Amino acid sequence: MKLALLAGTQSGCGKTTIMLALLQYLKAQQHKIVSFKSGPDFLDPLWHQAVTGCLSYNIDTRMIGAQHSKQIIAEQAKTAEFALIEGVMGLFDGRSGVGESGSSAELAKALNTPVFLVIDAKGMSGSIVPMVSGFTAYAQKMGVRIAGVIANRVGSAHHAGLLREVLQQHKQPPLIAWMEKNAPLLPERHLGLVQPSEVSLPDLLPFLHIEVKDLMAFFSDSIALGNEAHHLIDNEIGDTYPAVESKHLLKNKKIAVAKDAACCFIYPANLDFLQQQGAEVMFFSPIAGDVIPENAEALWLPGGYPELFAECLARSKSWPSLRAFVESGKPVLAECGGAMLLGKDLVDHSGKQWPMANILPYRSRMQTKLSSLGYRDEASGIRGHEFHHSVRESEQVLEPCFQVGRGDAGIRYKNLRASYIHWYFASAPEVISEWLGANG
């Protein structure tokens with residue numbers, strides 16, 4: 001199995017478009033491919049899946065940890081020829097510092113994988129050299145290799161030739177591919193890209209130009225996967241925690257999970273975790289008005305886009321069963337958009353007010369600006385991520401449920417925990433299992 005990491009110089013340089021184009025290229029070559037996303041983003045992996053037909057898992061060195069990231073790659077890439085990882089933000093952007101915790105650079109180092117550097121080349125020719133040389137030099141200092149450059153928004157074949165020649169003349173990593181400036185753009189909204197289920201997947205292949213005879217040769221095959229996955233374990237890189245084991249902490253626990261277009265921000269690894277721990281997962285849809293499954297013993301309300309479906313949710317027939325479930329004292333975990341469902345109402349971007357489940361005494365109000373963003377750490381050791389544009393408004397003092405140095409401390413009511421934080425379950429198996437009412 002060959003592996004590479006696609007990184008950018010900064011957010012907005014075209015990583016996701018290039019990623020999808022490369023996946024389409026590899027698929028057209030009839031290769032077996034899998035993809036991954038560095039960092040906590042929910043939407044990019046959905047776009048990967050739209051191309052490959054396979055789940056795209058999140059990996060990183062901060063929330064997920066280097067060791068568990070390697071475990072995920074080993075498991076998902078057993079039958080693949082190629083695995084491509086889409087980086088997060090710029091190559092050296094992470095939780096803090098330059099190339100530190102959570103950055104694509106640290107992940108590339110942990111995996112010992114080459115980097116394809118994406119550059120927005122619009123209006124650029126010779127300036128590509130100092131940019132690439134700076135990134136390459138710093139990467140080398142970290143022990144990371146930039147194997148090639150992919151230029152985005154290139155004006156013409158002549159423009160691409162200029163970029164190729166100056167990189168070669170100055171002994172920089174080669175131009176291995178480029179994308180035309182008129183390539184289709186992926187539609188966006190306030191939380192990033194729209195979901196691929198909402199639009200047609202663009203054909204990017206006519207706009208992608210491969211500059212090398214054998215692109216696959218630029219992938220690394222130095223990492224042993226599959227049955228030799230234990231060779232990947234390395235505690236020297238980033239913040240890690242033990243590999244996830246099937247301890248059956250939730251054996252036979254019946255857990256209802258809200259899953260539809262409004263509650264769609266679900267890490268595939270979280271569902272895997274629940275099943276590995278012996279839980280029985282049952283899905284229901286608040287948009288469809290499904291009642292909570294009658295035999296459910298715990299409930300998880302993931303985040304998503306309730307603001308886009310507020311009118312439908314305002315009429316949801318799920319609310320009486322949800323209210324009864326919460327009042328019964330059974331464990332409930334609500335994250336971000338899932339927590340917005342529990343309030344009195346939701347005020348959308350137009351200022352219109354929509355009634356929600358009215359279980360907790362607050363209003364969720366959408367803003368045009370970002371409210372909060374970043375990795376989150378709870379005192380118990382569980383890790384997560386917060387990213388939202390809404391704010392919670394309440395005239396009452398509400399009991400917090402989490403001890404976080406930074407971020408939303410959430411709300412505790414009976415056996416319900418609700419906050420804006422999306423938790424990564426495998427970061428603290430015993431904690432999340434306790435929250436979901438682990439069997440004694």
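When only the Cβ of Lys, Arg, Asp and Glu is charged (+1, +1, -1, -1), the dipole of the stretch 254-435 relative to its Cα centre reaches about 360 debye. Counting only residues at least eight positions apart within a chain, or on another chain, the aspartates and glutamates with an alpha carbon under 12 Å from that of K15 are D44, E86, D120. Rounded to the nearest 500, the 222 nm mean residue ellipticity of the chain from helices alone is -7000 deg cm²/dmol, with -39,500 (n - 2.57) taken per DSSP H run of at least 4 residues. Put simply, the amide H of K414, placed in the peptide plane, has no neighbours under 5 Å, leaving out anything fewer than 5 places away on its chain.
Of all beta bridges that DSSP places with both ends in the chain, some 40 percent have antiparallel geometry. Express as a percent, rounded to the nearest 5, the fraction of DSSP beta bridges in the stretch 254-435 (both residues included) that run antiparallel. Counting only bridges with both partners in the stretch 254-435, antiparallel ones make up about 55 percent. Normalised by the number of residues in the chain, the mean separation of alpha-carbon contacts (under 8 Å, six or more apart) gives a relative contact order of 14 percent.
Overall dimensions of the stretch 32-106, expressed as equivalent-ellipsoid semi-axes from the Cα gyration tensor (√(5λ), whole Å, largest first), are 22, 13, 9. In the stretch 2-232, what percentage of the DSSP-assigned beta bridges are antiparallel, given to the nearest 5? If we restrict to bridges inside the stretch 2-232, about 20 percent are antiparallel. Extending 7 Å from Cα along the Cβ direction at H170 and again at S380 yields two label points whose distance is 5.2 nm. Would you work out if the stretch 87-188 is rounded, prolate or oblate? Take a ≥ b ≥ c from the square roots of the eigenvalues of the alpha-carbon gyration tensor; rounded if a/c is under 1.5, else prolate when a/b is larger than b/c, oblate otherwise. It is oblate, given that a/c is not under 1.5 and a/b is not larger than b/c. Computed over the chain with a Gaussian network model linking Cα atoms closer than 10 Å, the most mobile of A269, A83, A217 is A217. Cβ crowding within 10 Å, taken as a proxy for footprinting-reagent exposure, orders H68, H48, H159 from fewest neighbours to most as H159, H68, H48. About its Cα centre, the dipole of the chain is roughly 300 debye, where the only charges are +1 on Lys and Arg Cβ and -1 on Asp and Glu Cβ. Here V88, V118, V404, V98 are placed in order of increasing Cβ neighbour count within 10 Å, fewest first, which gives V98, V404, V88, V118.
Centroid-to-centroid, using Cα positions, the stretch 360-419 and the stretch 283-317 are 19 Å apart. In the chain, if the dipole is taken from +1 on Lys/Arg beta carbons and -1 on Asp/Glu beta carbons about the Cα centre, which of L22, A66, H422 is farthest to the positive end? It is L22, whose Cα lies furthest towards the positive end.
Note on S364, S433: ascending count of other Cβ atoms within 10 Å places them as S433, S364, the fewest first.
Between Q275 and K181, residue separation times 0.36 nm minus the direct Cα-Cα distance comes to 29.4 nm. Of the trypsin sites (Lys or Arg not before Pro) found in the stretch 306-368, those in coil by DSSP whose Cβ has at most 13 other Cβ atoms within 10 Å are R315, K317, K352. First check a/c for the stretch 300-440, with a ≥ b ≥ c the square roots of the eigenvalues of its C-alpha gyration tensor; if it is under 1.5, answer rounded, and if not, answer prolate when a/b is larger than b/c or oblate otherwise. Note, shape of the stretch 300-440 comes out oblate. A simple charge model with +1 on the Cβ of Lys and Arg, -1 on the Cβ of Asp and Glu and nothing else charged puts the dipole of the stretch 2-232 at about 300 debye relative to its Cα centre.
Each value in this text was obtained by applying a stated rule to the coordinates, not by laboratory testing. Model, not experiment: these values are computed from the prediction. Using ideal geometry, Cβ is built from the backbone for each residue, glycine included, and neighbour counts are taken over all protein chains shown.
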